[in-house]
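Taking it in order: structure first as structure tokens, then the write-up.
The values are calculated or read from the model by the stated rules, or taken from the named source; none is laboratory data. Here the structure is a predicted model, which is why all the values come from computation and not from measurement. In this analysis, Cβ positions are derived from the backbone assuming ideal geometry, glycine residues included, and neighbour counts consider all displayed protein chains. Each accessible area value is taken on the protein alone, full model and side chains, heavy atoms only, with ligands, DNA and RNA left out. Shrake-Rupley method; radii C 1.70, N 1.55, O 1.52, S 1.80 Å.
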Amino acid sequence: MLTERIGDAFARPVERLVRSFAHISPDVLTITGLALNGVACAFFAFGGGPDYRSPLFLRIGGLVALAASIFDMLDSTMDRYSDMLLYMGLLILYARVDRTPQMVLVWVAAFGTFMTSYARARAESLIPRCTVGLLERPERIVLLVVGALTNRMVAVLWIIAVLSNVTAVQRVVYTYVELKKGWRS
């Protein structure tokens, strides 16, 4: 799975980073990540400038979200808040510039993001593991950062909206199939 390969590639650098923060409470690191995502939310909200053509704040928000992702790997509950903060920033941006279709797109992407996590959590209350799917949190964060840095957020939101919802459905179907196998035994 792509997520596992990404995790393997970053394992040593992240391990060094974690060791350097070992003396700091995990709660402090988690709150720092959440706070940084709040800052990224604000930059996203005011991205595009008054004429919606200047991507400077969007790019800064992407960099802040990237930095925050290092901190909020520690707590999956705070991850959900962090994700929703980023989407809220984008909702505010598109509301501010009167782009209703983009607002709906952000909502669908946010919904898929939530359902991907929820489907896994529910599945793993019934079966041992449920890691199937195309788009997990690391990929979504990378996509949001890339969208912000390249000023291609709408294209990225389409990818997230489609693939995160497909992932949620894949997890529901996988769980159903796994449970059916258990019922036959």
Worksheet entry | Using alpha-carbon coordinates, inclination of helix 100-123 to the longest axis of the chain, degrees | 30
Worksheet item: In nm, to one decimal, how far is the residue 56 label point from the residue 169 one, both placed 7 Å along Cα→Cβ?
Response: 4.3
Item to complete: Using only Cα atoms, tell me the angle between helix 26-45 and the longest principal axis of the chain; keep it within 0 to 90° and round to the nearest 10.
Response: 50
Response to the item:
Helix 76-96: inclination vs the chain longest Cα principal axis, degrees, rounded to 10, gives 40
Worksheet, complete the sentence: Rounded to whole angstroms and listed largest first, the alpha-carbon spread of the chain along its three principal axes comes to 63, 45, 25
Item to complete: Can you pull the one-decimal nm distance between simple spin-label points at residue 155 and residue 107, each 7 Å off the Cα toward Cβ?
Response: 2.6
Worksheet item: How much length, in nm to one decimal, is gained on full extension between residue 19 and residue 97, taken as 0.36 nm per residue of separation minus their Cα-Cα distance?
Response: 23.7 nm
Discussion item. Quick check for you: with a 1.4 Å probe and neighbouring chains kept, what is the accessible area per residue of the chain, in Å²?
Written reply: 57
Response to the item:
Given unit charges at Cβ for Lys, Arg (+) and Asp, Glu (-), the dipole magnitude of the chain about its Cα centre in debye, nearest 20, is 420
Worksheet item: Any idea what Rg and Dmax come out to for segment 86-185 if you just take the C-alpha atoms, in Å?
Response: 15.8, 57
